[in-house]
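This report refers to the structure that appears directly beneath it.
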Amino acid sequence: MTQHTILNATHRALGAKMVDFGGWDMPISYGSQIEEHHAVRRDAGMFDVSHMTVVDLHGPRTREFLRHLLANSVDKLKVSGKALYSCMLNEQGGVIDDLIVYFLSEDFFRLVVNAATRDKDLAWIGRQAAAFGVTVTERPDFAMIAVQGPNARARVLDLLTPATREKAAKIGKFVAVEGDGLFIARTGYTGEDGFEIIVPEAQAVALWDALRQAGVVPAGLGARDTLRLEAGMNLYGQDMDETVTPWEANLGWTVALDEGRDFIGRAALEKQKAEGVPRVMVGLVMDEKGVLRHGQRVITPNGDGEILSGSFSPTLGKSIAFARVPAGAGPAGLQVDIRGRQVPVRVVKYPFVRDGKPCEGV
Amino acid sequence: MQEIPGDLKFMKSHEWARVEDKGTVTVGISDHAQSLLGDLVYVELPSVGDTVKAGNAVAVVESVKAASDVYAPVSGEIVAVNEALPDKPETINEDAYGDGWLFVIKPDNLAEEQEELLDPDAYAELIENDEH
């Protein structure tokens, strides 16, 4: 059955084109997804991300549990409100999901996990939590709105009461505060500054409408995808899954091999690191016309790879992609098979775009 | 959604064809098709002088979302292509039945082949059914 967020009728009233996304009926765009993309890069846009799953973890041993569950180290979280991006791995080191964990107090952490992986995530977390006596509570009573862009924070702050505004204005990146019934986190999936706001469903439509009146442009999943790709951020299911380790998905920076911490998948990761990682993820730019797309074959001197996330970059005006290729391939001599035509591509360091501007070398 | 001009014929695969006074056939994709594809970013056109066969893929339109083949509604020779499109593919989004035309065919067998095409009412019905 298709699920609807509390903002579904609002999207439809705005004339959004709706698509199925992981079982949810979501807006792909409200008109032009390229214009929505530019609105986020240049001003402020907002996304309904209420389909994402909020999971609260309670219990005195919650930190100890997360040390075991996550490949990144929750010991980096020392101040209440601080957030961390991490992979959750299986015993083989494959990625079950990527998520954000918020430290609220020693007996209360909050996770935000992907919508499409909700069922398996909850099952996995629940199974692992039992041994630590941690209570796992999904929060379907929350909606979530991501407000992103160079002017996003200012637009949100204007709508808050003075006390909350003062707190929210001060937080650094990857930190959350609570106020006015909202959970306001300075996080995002676009490469721009902004907030992701977890809001009780009863308040969500009013918040969306107020943001729109303040000039924040509604943006759909189409723009969200091109924004996050330009920003060099992975999409679960496309760039990594349970058959891929963080080393193979360019997520090594999220793995903390801190001494003595026995997290799920650690042994497999250490083994693969010692033996050599067979495949790596690279960023590609195509200077010729055309669009790189998921599943296209990448021809390298070391054997074939494949396009993971691929799309047109509205900021660069050409196509960009992530590809998984045999280790040691490139940077020169790569081609992509586009409908039988072999088109040269360049391997580049990503992010492709940062703070609204193309990165050097792209 | 733009109104469908009465002088057009359509393929089920959403190409439109207009028989011009001089007997050539101008081809584009329907407004419905551009709306399904979303923002177009790339167009691959045939070359003038190419011989095309009705029902064969002769051009490609790509949006941010997807690539889609464009089929020739009638057989014949390509006598013109819309040179402005490769630099401004969004013209198709803005004016699918006008400035967003793709190419012109000098048909070999128009009388017979155009019988296979849908008139505007039949096409409107087709996309209506698509949406339900």
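Just one of (1) crowded, with 18+ Cβ neighbours inside 10 Å; (2) not in a helix (DSSP H, G or I) fails for residue A:155. It is (2). Contact annotation: residue pairs with Cβ atoms under 8 Å, 6 or more positions apart or on different chains, pairing a residue in the stretch A:205-229 that is among the hydroxyl-bearing types (Ser, Thr, Tyr) with a partner that is outside any helix (DSSP H, G or I), are A:226/A:311; A:226/A:312; A:226/A:313; A:226/A:314; A:226/B:64. Answer yes or no: is there a residue in the stretch A:34-42 that is away from every other protein chain (no Cβ under 14 Å), crowded, with 19+ Cβ neighbours inside 10 Å, at pLDDT 95 or above and under 28 Å from residue A:354 (Cα atoms). Within the stretch A:34-42, one or more residues are away from every other protein chain (no Cβ under 14 Å), crowded, with 19+ Cβ neighbours inside 10 Å, at pLDDT 95 or above and under 28 Å from residue A:354 (Cα atoms).
Yes or no: residue A:229 surrounded by 23 or more Cβ atoms within 10 Å (Cβ to Cβ), in a helix (DSSP H, G or I) and under 16 Å from the mean Cα position of the chain (by Cα)? It is true that residue A:229 is surrounded by 23 or more Cβ atoms within 10 Å (Cβ to Cβ), in a helix (DSSP H, G or I) and under 16 Å from the mean Cα position of the chain (by Cα).
Could you tell me which of the residues A:259, A:242 is acidic (Asp, Glu), more than 14 Å from chain B (Cβ to nearest Cβ), assigned to a loop (DSSP other than H, G, I, E, B) and touching a Gly at 6+ places or on another chain (Cβ under 8 Å)?
When all the criteria are applied, what remains is A:242.
Give just the number: which of (1) surrounded by fewer than 22 Cβ atoms within 10 Å (Cβ to Cβ); (2) touching a residue at least 12 places away in the same chain (Cβ under 8 Å); (3) away from chain A (no Cβ under 14 Å) does residue B:107 not satisfy? Every condition holds for residue B:107 apart from (1). Of the numbered criteria (1) more than 15 Å from residue A:217 (Cβ to Cβ); (2) within 11 Å of chain B (Cβ to nearest Cβ), the one residue A:12 fails is (2).
Within the stretch B:68-85, restricting attention to residues that are without any contact (Cβ under 8 Å) to a residue 60 or more places away in the chain, surrounded by fewer than 21 Cβ atoms within 10 Å (Cβ to Cβ) and out of contact with any Phe, Trp or Tyr (no Cβ under 8 Å at 6 or more places or on another chain), the residue that is nearest to residue A:37 (Cα to Cα) is B:68. Going residue by residue through the stretch A:158-180, is there one that turns out to be under 23 Å from the mean Cα position of the chain (by Cα), of a type in the set (A, V, I, L, M, F, W, C), crowded, with 20+ Cβ neighbours inside 10 Å and within 23 Å of residue A:8 (Cα to Cα)? No; the residues of the stretch A:158-180 include none that is under 23 Å from the mean Cα position of the chain (by Cα), of a type in the set (A, V, I, L, M, F, W, C), crowded, with 20+ Cβ neighbours inside 10 Å and within 23 Å of residue A:8 (Cα to Cα).
Can you confirm whether residue B:27 is modelled with pLDDT of 95 or more, more than 14 Å from chain A (Cβ to nearest Cβ), within 29 Å of residue A:29 (Cβ to Cβ) and assigned to a strand (DSSP E or B)? So residue B:27 passes the test. Residues in the stretch B:30-50 that are polar (S, T, N, Q) and within 11 Å of the chain's Cα centre (by Cα) were compared, and the one that is farthest from the other protein chains (Cβ to nearest Cβ) is B:30. Please go through the stretch A:162-202 and pick out each residue that is in a helix (DSSP H, G or I) and in contact (Cβ under 8 Å) with a residue 60 or more places away in the chain. A:201 - this is the single residue of the stretch A:162-202 that is in a helix (DSSP H, G or I) and in contact (Cβ under 8 Å) with a residue 60 or more places away in the chain. From the list A:213, A:272, the lone residue that is surrounded by 17 or more Cβ atoms within 10 Å (Cβ to Cβ) and more than 23 Å from the chain's Cα centre (by Cα) is A:272. Kindly indicate whether any position in the stretch A:12-31 is under 18 Å from the mean Cα position of the chain (by Cα), of a type in the set (Ser, Thr, Tyr) and surrounded by 17 or more Cβ atoms within 10 Å (Cβ to Cβ). No, that holds for no residue.
Residues checked against (1) modelled with pLDDT under 95; (2) more than 20 Å from residue B:31 (Cβ to Cβ); (3) within 11 Å of chain A (Cβ to nearest Cβ); (4) in contact with a strand residue (DSSP E or B) (Cβ under 6 Å, 6 or more places away or on another chain):
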| position | (1), (2), (3), (4) |
| --- | --- |
| B:52 | no, yes, no, yes |
| B:56 | no, yes, no, no |
| B:87 | yes, yes, yes, no |
| B:100 | no, no, no, yes |
| B:103 | no, no, no, yes |
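Of the residues in the stretch A:63-86, at least one is surrounded by 19 or more Cβ atoms within 10 Å (Cβ to Cβ), in contact (Cβ under 8 Å) with a residue 60 or more places away in the chain and of a type in the set (Phe, Trp, Tyr). Answer with yes or no whether residue B:48 is part of a loop (DSSP other than H, G, I, E, B) and surrounded by fewer than 24 Cβ atoms within 10 Å (Cβ to Cβ). Spelling it out, residue B:48 is indeed part of a loop (DSSP other than H, G, I, E, B) and surrounded by fewer than 24 Cβ atoms within 10 Å (Cβ to Cβ).
Look at the stretch B:16-27: where a residue is of a type in the set (Gly, Ala, Ser) and a partner is part of a strand (DSSP E or B), sitting 6+ places away or on another chain with Cβ atoms under 6 Å, you get B:17/B:9; B:17/B:25; B:17/B:27.
Scan the stretch A:101-139 for residues that are within 18 Å of residue A:184 (Cα to Cα), within 21 Å of the chain's Cα centre (by Cα) and either surrounded by fewer than 19 Cβ atoms within 10 Å (Cβ to Cβ) or basic (Lys, Arg) (or both) and report the count.
The qualifying residues number 2.
Considering only residues in the stretch A:281-293 that are surrounded by 19 or more Cβ atoms within 10 Å (Cβ to Cβ) and either in contact with a helix residue (DSSP H, G or I) (Cβ under 7 Å, 6 or more places away or on another chain) or at the interface with chain B (Cβ under 10 Å from one of its Cβ atoms) (or both), the one that is farthest from residue A:240 (Cα to Cα) turns out to be A:290.
I'm checking my understanding of the structure. Among residues of the stretch A:232-266 that are of a type in the set (Gly, Ala, Ser) and touching a residue at least 12 places away in the same chain (Cβ under 8 Å), which one is surrounded by the fewest Cβ atoms within 10 Å (Cβ to Cβ)? Filtering the stretch A:232-266 for residues that are of a type in the set (Gly, Ala, Ser) and touching a residue at least 12 places away in the same chain (Cβ under 8 Å), the one surrounded by the fewest Cβ atoms within 10 Å (Cβ to Cβ) comes out as A:237.
The values are calculated or read from the model by the stated rules, or taken from the named source; none is laboratory data. Only a predicted model underlies this, so the values are computations on that prediction, with no experimental measurement involved. In this analysis, Cβ positions are derived from the backbone assuming ideal geometry, glycine residues included, and neighbour counts consider all displayed protein chains.
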